[in-house]
Amino acid sequence: MLSFIFLGFAFAESLPAPDFTVGAAPEGRRRIDESKYFTGADANYVCFDTAVEHTWVEYWQTSGRIDFTAPTLDTSLKLVIKKKAGKSGDITKIHCHADDASCKAEVVGDDVVYSPAAWAGYSKAFAYYINFGSGATDMDFNNDVEIFYCYKPALIHFDAKNDLKGTLANVAGFLAQAAWESGDFLYCEEQMHVSETDDDLPKEIVVKFDNGSTYTITPDNAGCTQRSDDAALYHELTQDHRKCAVTTDMKVGDNKAKVGDVTTGTNLFCKEGSEAEKCCWWGRGALQTTGPSNFGAFQNDVVDRNSVYAKASLDLCGNPSLLCSDDYKDLRWESALYYWVASVQNDACFDPALKKYAEAFDVDAVSGSCKAFAAGIGGMVNQGEWSKHAHGEDGRIERFTSLVTGLKDAMDLYESADHVNEALPAGNDCTGSDEVDWIFWKAGLESLAKIDVKGSAYAWSSFCSSLAKMIPAQ
């Protein structure tokens with residue numbers, strides 16, 4: 001995944017299709033007991049508690065196809081199949097098609113965890129072969145079984161007990177990158193970098209290509225792209241199968257006081273019939289989520305799995321600027337944490353580089369061929385590659401070093417005997433970890449990261465609630 005920074009704002013091309021989704025189980029819903037069905041590497045799977053409404057298409061006796069509309073897309077989906085109470089028959093002899101090596105059926109008590117091939121998660125129109133086996137010959141598979149849709153959440157690297165240093169460094173790394181991308185937390189929406197009236201900004205930016213052609217970025221089309229190196233159009237970033245639909249009639253923003261225009265936090269806009277038609281996909285949030293692929297992935301993997309957002313019919317694909325809505329301030333953090341977990345933490349260099357850095361908090365320490373942690377995370381956020389230099393790399397590393405210094409001093413104090421009589425003041429809970437919350441408080445992390453500056457578009461409480469959703473059980 002590529003990212004691009006221009007005057008302090010990031011460009012994110014496309015997240016890879018991950019084998020996980022962000023967050024815990026859908027809030028506000030009664031949950032089935034996932035611990036009964038998922039252990040080991042699958043221990044973090046969560047399920048929608050409401051069974052899907054399925055249809056059984058019989059091929060021959062107990063073999064056939066299960067059809068249903070999936071609640072979201074997920075290439076790592078698993079199905080918990082349960083025989084309904086009071087129904088006769090035995091489904092524990094269930095099995096996959098003999099030619100389907102990617103499918104797996106695991107018996108758990110009287111129930112089955114059915115793992116279809118990854119391709120089944122690319123469409124909400126789920127249709128997949130199942131043979132319920134010889135013990136189920138007299139069962140009505142439309143009415144005698146219930147099927148629960150389960151997914152693997154993405155969780156941030158956070159282990160206060162076994163890796164306190166790495167945990168603190170990871171949070172510091174995230175906040176340092178977010179600070180740089182959001183203009184030290186002053187902006188949620190990407191700001192216009194050209195202006196006809198502001199003398200501090202150029203009136204236009206001319207992008208020159210190797211073939212001699214040019215593309216001119218102006219206030220009338222800046223919503224389409226502000227990439228000064230290749231002028232790649234944001235609305236054409238549609239590689240991911242979870243992508244939002246791009247339409248000509250979408251209208252967002254335009255703070256030029258025209259009748260009927262909706263005010264946003266930027267002068268960027270899109271409008272049918274203008275130079276900015278279809279150009280509604282500029283950066284938003286703490287890491288500047290950009291493009292239909294990224295918004296679609298975040299909508300699918302986070303928004304659609306949150307009962308509060310679902311109840312409100314929150315649709316970022318219909319209006320990406322809702323990500324910066326004051327009614328749902330967690331979104332601006334959640335979108336950034338989603339990218340951090342799905343992309344930055346997934347890079348092969350992340351774990352060894354973090355471990356090496358945490359040994360002595362040495363910003364220049366490298367592990368093998370991987371760049372140092374502080375530089376590598378910037379490359380991932382800004383350029384999509386650990387090995388590349390991020391725009392503004394020095395500023396990113398400076399912010400990271402400042403945060404880690406404050407956290408390390410507080411950690412040293414926590415690990416000494418001096419903190420015993422200094423309890424965490426009420427109202428300073430953040431992550432649920434006593435150690436980490438005390439260190440955050442003692443370091444003054446909210447102020448140190450400048451989240452509380454005058455005019456900030458971000459709230460510390462929203463950061464804490466968003467982070468807590470992605471922390472694994474400690």
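The values are calculated or read from the model by the stated rules, or taken from the named source; none is laboratory data. Not measured: the values here are computed from a predicted model. Cβ: placed from backbone, ideal geometry, glycine included. Neighbour counts: every protein chain shown.
Miscellaneous remarks
- Residue in region 113-123 that is surrounded by 12 or more Cβ atoms within 10 Å (Cβ to Cβ), touching a Cys at 6+ places or on another chain (Cβ under 8 Å) and either more than 28 Å from A342 (Cα to Cα) or small (G, A, S) (or both) present: yes
- Subset of region 153-178 [assigned to a helix (DSSP H, G or I) and farther than 23 Å from L316 by Cβ]: L164, K165, G166, T167, L168, A169, N170, V171, A172, G173, L175, A176
- Subset of region 187-224 (residues that are buried (at least 17 other Cβ atoms within 10 Å of the Cβ), aliphatic (A, V, I, L, M) and in a loop (DSSP other than H, G, I, E, B)): M192, V194, A222
- Region 361-396, residues that are within 23 Å of the chain's Cα centre (by Cα) and β-branched (V, I, T): I377, V381
- Residue in region 306-313 that is crowded, with 24+ Cβ neighbours inside 10 Å, under 22 Å from C464 (Cα atoms) and more than 11 Å from the chain's Cα centre (by Cα) present: no
- Residues of region 459-470 that turn out to be in contact with a Leu (Cβ under 7 Å, 6 or more places away or on another chain) and hydrophobic (A, V, I, L, M, F, W, C), as a count: 2
- Cross-chain or 6+ apart pairs with Cβ under 6 Å, region 124-144 first and within 13 Å of I66 (Cβ to Cβ), then assigned to a helix (DSSP H, G or I): Y128/A120
Residues are listed down the side, and each one gets a yes or a no for (1) out of contact with any His (no Cβ under 6 Å at 6 or more places or on another chain); (2) aliphatic (A, V, I, L, M); (3) surrounded by 14 or more Cβ atoms within 10 Å (Cβ to Cβ):
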| site | (1), (2), (3) |
| --- | --- |
| L403 | yes, yes, yes |
| N421 | yes, no, no |
| P425 | yes, no, no |
| S433 | yes, no, yes |
| A457 | yes, yes, yes |
| S466 | yes, no, yes |
| Q474 | yes, no, yes |
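- Condition broken by R227, with the remaining ones in (1) within 31 Å of the chain's Cα centre (by Cα); (2) in a strand (DSSP E or B) satisfied: (2)
- With respect to (1) assigned to a loop (DSSP other than H, G, I, E, B); (2) at pLDDT below 90; (3) crowded, with 19+ Cβ neighbours inside 10 Å; (4) not charged (D, E, K, R), the lone exception for N44 is condition (3).
- Search result, residues across region 334-363 that are surrounded by fewer than 24 Cβ atoms within 10 Å (Cβ to Cβ), among the aromatic types (F, W, Y) and either touching a Gly at 6+ places or on another chain (Cβ under 8 Å) or in a helix (DSSP H, G or I) (or both): F350
- Yes/no for K388 being modelled with pLDDT under 95 and of a type in the set (D, E, K, R): yes
- Check on C279, part of a loop (DSSP other than H, G, I, E, B), over 10 Å from the mean Cα position of the chain (by Cα), over 24 Å from F48 (Cβ atoms) and not β-branched (V, I, T): yes
- Test set (1) assigned to a loop (DSSP other than H, G, I, E, B); (2) farther than 26 Å from L337 by Cβ; (3) at pLDDT 95 or above; (4) hydrophobic (A, V, I, L, M, F, W, C) - A257 fails condition number: (3)
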